[in-house]
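The structure appears below as structure tokens.
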Amino acid sequence: MNRKENFTAGFIRENPVFSLYLGICSTLAITTTLNNAIGMGVAVIAVLIMSNVIISLIRNITPNEIRIPVYIVVIATLVKIIQMLIKAYAASLDTALGVFIPLIVVNCIILGRAESFASKNNVFDSALDGLGMGLGYTCSLIVMSVIRQVISTGVLNFTNPFDATQMIFEFRIIPEDYVISVFNQPFGAFVTFALLAAALAGYKNAKTAKAEKKKKAQEAAQAALAKEAK
Amino acid sequence: MDIGNLFTIFVTAVLINNVILNQFLGMCPFMGVSKKSSSAIGMGGAVTFVIVAAAIVTYGLYHGVLAPLHIEYMDLITFILVIASLVQLTEMIIKKTSPSLYKALGVYLPLITTNCAVLMVALENIKQGYDFAEMLTYSFAIPIGFTLVLYIFSTIRERLDAAKTPAAFRGNPIALIVAAMMALAFSGLMGLV
């Protein structure tokens with residue numbers, strides 16, 4: 001697999017959220033607003049890149065039997081640093097995300113990439129993999145939060161995470177009388193997630209069906225050619 | 001000790017703030033081991049043991065070691081190591097006592113380490129400033145809520161296997177739709193406390 005493929009894998013083909021079902025706890029919980037989604041996404045990207053780099057650096061000196069505890073300690077340390085930074089510089093984000101910031105430690109994406117990629121590849125590739133997977137995760141969060149926020153409040157807005165009073169942009173998309181507020185609730189989270197996962201599965205099914213059809217047509221053409229040659 | 005207060009904590013944690021349907025924690029086993037009701041019960045038992053044991057140990061460590069030494073920032077690292085060792089212990093116990101359950105749970109058994117509910121309970125006990133009795137009640141109530149929802153969900157999924165579903169919805173997406181319906185039903189209990 002070349003570098004470009006490896007980088008883009010996280011977006012659709014191996015999308016960690018909607019096709020591998022990794023890290024869905026936080027996805028379902030925090031995608032009520034665009035602000036939360038971007039804040040969480042950036043925090044996960046930061047942890048993922050750093051953990052991939054560190055684990056890749058120590059991959060040759062880590063004894064195989066205790067590698068999982070070692071990875072967990074590395075990840076927990078990084079998450080604690082990020083949590084302290086968020087608390088200090090983006091207090092509004094800290095209250096909005098709450099317990100889900102420390103819970104990045106147990107986000108399966110991070111441990112999953114450490115185990116399946118960073119422990120086998122060099123530092124540069126691991127950092128790239130972390131960025132790609134992290135961006136795939138963040139895109140999934142953004143898509144879901146935009147859908148949920150627009151349907152439940154009718155407004156799409158984004159405030160400066162470092163200064164909660166400063167609004168960066170705000171549009172009203174759906175008039176106030178037509179919003180469905182249940183999309184803010186757990187019900188909306190599950191339904192939105194199910195529909196997006198089904199859409200991705202449908203897209204993949206269609207793609208494989210097309211590829212199979214093409215393969216069959218090719219085989220038929222070859223068989224016809226072989227017959228003619230006889 | 002105030003029994004009414006403990007009862008409120010219990011009901012809130014089991015039904016109103018249900019760990020799966022309302023806080024979205026422990027989704028991996030929720031999707032992974034909910035295909036058969038027998039393994040759902042086994043998983044619920046294992047998670048209950050790990051959560052209660054981890055809560056007691058982390059609570060003791062925090063108030064006995066971390067707080068007196070003023071190194072509270074070490075909480076995440078300490079807690080996750082305690083949880084990982086307890087999961088390893090549970091795995092060994094189940095492997096010895098019930099090989100069939102061990103097989104049924106498969107990879108989801110070691111994955112209890114990364115079950116967010118375990119770490120959440122440990123962190124929440126500290127954050128809410130619970131005393132020992134409240135801590136015990138809360139740590140029991142959360143896995144009971146988890147097991148209850150996991151069991152209900154697994155019985156629905158057993159039926160779902162026989163149902164006709166569109167190709168794109170087969171497997172997890174339709175299960176998530178069911179979870180959405182359950183979340184809607186549970187949100188009706190909101191006014192209970």
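What follows is calculated from the coordinates using simple rules that are stated; it is not laboratory data. The structure displayed is predicted, hence computed values, not measured ones. Don't worry about glycine lacking a Cβ; one is built from the backbone with ideal geometry, like all the others, and counts go over all protein chains shown.
What do you get for chymotrypsin sites (Phe, Trp or Tyr not before Pro) in the stretch A:131-230 restricted to DSSP loop and a cutoff of at most 15 other Cβ within 10 Å of the site's Cβ?
Those that pass, being in a loop and sparsely packed, are A:Phe162.
Which aspartates and glutamates, if any, have their Cα less than 12 Å from the Cα of A:Lys4, not counting same-chain residues under 8 positions apart?
Answer for A:Lys4, where 12 Å is the Cα cut-off: A:Asp125, A:Asp129, listed by chain and number.
Please compute the average number of Cβ atoms from other chains found within 10 Å of each residue's Cβ in peptide B:176-186. Don't skip to the answer; put the middle values down first.
On the way: counts 13, 6, 2, 8, 12, 3, 3, 9, 7, 1, 2.
Taking the mean over all residues of the peptide, I get 6.
If each of B:Leu192 and A:Lys204 carries a label point 7 Å out from its Cα toward its Cβ, how far apart are those two points in nm?
For B:Leu192 paired with A:Lys204, the spin-label model returns 3.6 nm.
Take the alpha carbon gyration tensor of the protein assembly as shown, find the square roots of its eigenvalues, order them as a ≥ b ≥ c, and report rounded if a/c is under 1.5; if not, report prolate when a/b exceeds b/c, else oblate.
Because its axes are fairly even, with a/c under 1.5, the protein assembly as shown counts as rounded.
Taking only DSSP H segments of four or more residues, each worth -39500 (n - 2.57), what value at 222 nm results for chain B once the sum is divided by all its residues, to the nearest 500 deg cm²/dmol?
My calculation for chain B gives -22000 deg cm²/dmol from helical runs alone.
Please list, or write none, the lysines whose alpha carbon is within less than 17 Å of the alpha carbon of A:Lys87, excluding same-chain residues fewer than 8 places away.
B:Lys127
Where does the charge balance sit around B:Ile83 when Lys and Arg score +1, Asp and Glu -1, over other residues with C-beta under 13 Å from its C-beta?
On the way: positive: none; negative: B:Asp75, B:Glu91.
Counting the neighbours of B:Ile83, the net charge comes to -2.
Helix B:132-160 against the longest principal axis of chain B: what's the angle in degrees, Cα atoms only, rounded to the nearest 10?
Computed tilt is about 10 degrees.
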